[in-house]
Amino acid sequence: MLTKESLRRQEVVLEIIVRTYIETAEPVGSRYVARKLGLSSATIRNVMADLEDLGLITHPHTSAGRIPTDKGYRYYIESLMRVRSINEQIAREIQEEYRSAMRSLEDVMERTSHLISHLTNYVGLTMLPEYDKVYMEGASHIVEQPEFKDFKKLHDILRFLEEKREMLNFLGDDIAEERLIIHIGRENKFSYLSDCSIVTRGCKVKGKVKGRVGVIGPKRMSYEKVIPTVEILADKMGSILESLECYGDESR
């Protein structure tokens, strides 16, 4: 049975592996973790072996280092991660972006998709299913990620991003939910999204969930930054849609 100290050590090592891999896209070795914690490499190798037995990390065949599994990312997000607050500079950018008048649903969705992509460097997504509308921006950010150097994998992901109807069907079970939902890797329905995470949150208009705002990117995304960005922009889009006369007209 694990002691509290052993469990805490496992969590600290897992957190270092996840955070380092997010930053570098390189497998994390025991020597690096040992230096960070002031422990021996042998001790860290034992902890890594335990984490691997638990299915939280794995090692690519070409490397002695470790990378997080889908289960490892999930544990990190739900138990270890400290979500950042939106800093003042980003808050000002958001206010500035929405300052100019927007007269249509398309204006709001396009502006929001652009802003999400710009702030996170991933694909920004906005959806209003009742109007059959999906906006995405920033597909070029997928191309920049080292996970997607394989041409076939990249082609399938880009084709998916072009199929707006497929996106509506893909997230159909989430549409009525206001809460933040994260699909990690193989939790996604399609095999070619196994290296992607999709983070979305419901957008409320006049007290009802009408759409979703989110991000599509690699599993190795900066969740601490993405989550609060999605949260604040979902709220922002909902409040702006509420103020549009055209929304009231179209929804009657």
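Gly65 passes every criterion in (1) at pLDDT below 95; (2) under 30 Å from Met127 (Cβ atoms) apart from (2). Only strands (runs of 3 or more DSSP E) whose full extent lies in segment 105-222 are considered here, and the ones with at least 2 residues that are under 30 Å from Leu80 (Cβ atoms) are 123-128, 181-184, 196-205, 208-218. Candidates Ile86, Ile44, Ile67: the one that is among the β-branched types (Val, Ile, Thr) and in a helix (DSSP H, G or I) is Ile44.
For segment 77-88, a tally of residues being touching an Asp or Glu at 6+ places or on another chain (Cβ under 9 Å), surrounded by 15 or more Cβ atoms within 10 Å (Cβ to Cβ) and at pLDDT 90 or above returns 1. Mind telling me which of the residues Ile77, Ile16 ends up being in contact (Cβ under 8 Å) with a residue 40 or more places away in the chain, in a helix (DSSP H, G or I) and of a type in the set (A, V, I, L, M, F, W, C)? After applying the criteria, what remains is Ile77.
One residue stands out among those in segment 173-209 that are over 17 Å from Gly72 (Cβ atoms) and either touching a Leu at 6+ places or on another chain (Cβ under 6 Å) or among the small types (Gly, Ala, Ser) (or both): the one that is surrounded by the most Cβ atoms within 10 Å (Cβ to Cβ), which is Arg201. A single entry from Arg35, Arg74 fulfils the requirement of being basic (Lys, Arg), modelled with pLDDT of 95 or more, surrounded by fewer than 20 Cβ atoms within 10 Å (Cβ to Cβ) and more than 30 Å from Thr229 (Cα to Cα): Arg35.
Conditions tested, residue by residue: (1) in contact with a Gly (Cβ under 6 Å, 6 or more places away or on another chain); (2) without any contact (Cβ under 8 Å) to a residue 60 or more places away in the chain; (3) of a type in the set (D, E, K, R).
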residue: Lys152; (1), (2), (3): no, yes, yes
residue: Asp156; (1), (2), (3): no, yes, yes
residue: Gly172; (1), (2), (3): no, yes, no
residue: Asp195; (1), (2), (3): no, yes, yes
residue: Gly207; (1), (2), (3): no, yes, no
residue: Ser222; (1), (2), (3): no, no, no
residue: Met237; (1), (2), (3): no, no, no
residue: Ile240; (1), (2), (3): no, no, no
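Total residues in segment 92-116 satisfying the condition of being touching a residue at least 40 places away in the same chain (Cβ under 8 Å) and either surrounded by 15 or more Cβ atoms within 10 Å (Cβ to Cβ) or not assigned by TED's automatic domain parsing to the domain that holds Glu177 (or both): the figure is 9. Of all residues in segment 89-137, those satisfying the criterion of being of a type in the set (Ser, Thr, Tyr) and at pLDDT 90 or above are Thr112, Ser113, Ser117, Thr120, Tyr122, Thr126, Tyr135. I'm checking my understanding of the structure. Among residues of segment 128-155 that are acidic (Asp, Glu) and more than 30 Å from Val209 (Cβ to Cβ), which one is farthest from the chain's Cα centre (by Cα)? In this case the residue turns out to be Asp150. Taking Arg45 as the residue in question, decide whether it is closer than 24 Å to Thr3 by Cα and surrounded by fewer than 12 Cβ atoms within 10 Å (Cβ to Cβ). Spelling it out, it is not the case that Arg45 is closer than 24 Å to Thr3 by Cα and surrounded by fewer than 12 Cβ atoms within 10 Å (Cβ to Cβ). May I ask you to list the residues in segment 50-64 that are closer than 20 Å to Glu26 by Cβ and part of a helix (DSSP H, G or I)? Correct list: Leu51, Glu52.
The values are calculated or read from the model by the stated rules, or taken from the named source; none is laboratory data. Computed from a predicted structure; not experimentally measured. Cβ atoms come from the backbone with ideal geometry, glycine included; neighbour counts cover every protein chain shown.
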